[in-house]
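Worksheet: the structure to be examined is printed underneath.
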Amino acid sequence: MSDATVLAGLLRRERLLVAPGVYDGLSAAVVARAGAEAAYVSGAAVSAAEGLPDIGLTTVTEMARAIAVVRRHLDVPVIADADTGFGDETNTFRTVRTYEDAGAAAVQLEDQVFPKRCGHLDDKALIAADEFALKIEAAVAARRRGTLIVARTDAIAVEGFDAAIDRAKAYVAAGADVIFVEAPQTLDQVAAIPSAVGVPVIFNVVPGGKSPEVSREQLEQFGYAGAILPAATVGAAFAAMTQAMSDIAGGSLVSGPVTGPRALFEAVGLGEWTARKEAARA
């Protein structure tokens with residue numbers, strides 16, 4: 001069974017699918033060891049790991065490389081952020097093919113003008129709905145392995161809630177398998193989205209962002225199929241590194257829980273590689 005088929009099944013069950021964000025081999029290994037059923041390759045997290053803000057600066061090549069690295073450690077479906085498709089519908093076609101080859105089970109596209117901005121920043125702009133529908137149609141035509149196409153709209157902040165729902169419906173008509181309405185501003189908006197759309201819907205959990213805090217139980221009650229947690233690992237890493245540097249600046253040579261090198265390397269496959277070497281010499 002393909003990863004895309006597995007993911008489609010996970011999104012159509014009653015229990016919420018939770019996909020933590022990953023962006024490199026270490027974050028993927030940590031998520032894998034935690035037993036996650038799926039993971040989300042976050043464009044924001046990959047941008048941060050490249051030392052860049054999430055304003056459309058990363059490239060399709062950098063994202064595909066991150067997907068391939070993540071897949072070394074994850075045997076579960078990966079949803080991958082493709083921003084605006086990195087261009088028009090022709091670029092979008094190539095992006096889907098590239099992401100598939102890297103191991104993505106789902107490709108997420110959004111209707112912002114390129115270069116995009118993080119969905120929880122201000123001053124976003126959108127392309128026309130019919131123009132984005134062409135990108136969705138190109139994405140559907142490009143897939144060769146049943147890859148799911150996730151259509152994200154950022155229209156709430158630009159055109160209002162009703163327009164966002166209208167756009168979501170148009171993207172479903174163009175062939176999107178999953179809908180992602182970014183940054184609902186009230187709990188009532190969060191609750192209203194799934195029943196208005198008609199296909200599986202995912203929610204973006206961004207602590208400190210523009211959406212209200214919601215629980216897993218609430219999302220299930222509202223009818224969401226999944227929740228992506230793009231900051232789950234990169235946010236934790238940033239907080240821990242910031243604290244470590246503060247401790248060091250304060251005179252310490254050690255910060256936080258002490259984890260020796262073996263524990264770190266075991267997380268990324270030391271035992272497997274050692275066993276492989278021993279087997280080769282046996």
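The values are calculated or read from the model by the stated rules, or taken from the named source; none is laboratory data. Treat the numbers as computed from the prediction; the structure is a model and nothing was measured. Note that each Cβ is placed from the backbone with ideal geometry, even for glycine, and that neighbours are counted across all protein chains shown. The protein model used for the area step is the full one, side chains on, heavy atoms only, and it has no ligands, DNA or RNA in it. Shrake-Rupley method; radii C 1.70, N 1.55, O 1.52, S 1.80 Å.
Here are the numbers for this structure:
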| quantity | calculated |
| --- | --- |
| GNM top mover of A64, A125, A227 - the chain, alpha-carbon springs below 10 Å | A125 |
| Cα-based helix-to-principal-axis angle, 234-249 vs the chain, degrees rounded to 10 | 40 degrees |
| Probe 1.4 Å, all protein chains present, accessible-area order of D154, D123, D177, largest first | D123, D177, D154 |
| Helix axis angle, 89-102 relative to the chain longest principal axis, alpha carbon, degrees | 30 degrees |
| Loop-located chymotrypsin sites (Phe, Trp or Tyr not before Pro) in region 202-244 whose Cβ has at most 10 other Cβ within 10 Å (DSSP) | none |
| Calculated on alpha-carbon atoms, Rg and Dmax of the chain in Å | 19.4, 66 |
| Solvent-accessible surface (1.4 angstrom probe) belonging to L26, in square angstrom, nearest 10 | 80 Å² |
| Candidates Q185, Q243, Q108, ranked by Gaussian network fluctuation over the chain, Cα under 10 Å, top entry | Q243 |
| Heavy-atom surface of the chain, accessible at 1.4 Å and reported per residue (Å²) | 47 Å² |
| Lys pairs under 30 Å by Cα in the chain, provided they are eight or more residues apart or on distinct chains | 10 |
| Folded to 0 to 90 degrees: helix 270-281 orientation relative to the chain principal axis, Cα | 60 degrees |
| The chain - share of DSSP beta bridges that are antiparallel (%, nearest 5) | 5 percent |
| Percent accessible area from carbon and sulfur atoms, the chain, protein chains only, probe 1.4 Å | 56 percent |
| Tensor-based shape of region 138-197 (alpha-carbon gyration tensor, a/c under 1.5 rounded, otherwise prolate or oblate) | prolate |
| Gaussian network model of the chain, springs between alpha carbon atoms under 10 Å - residue of G250, G87, G21 with greatest fluctuation | G250 |
| Paramagnetic reach from R65 (point 7 Å along Cα→Cβ, amide N under 16 Å) across region 72-96 | 72 |
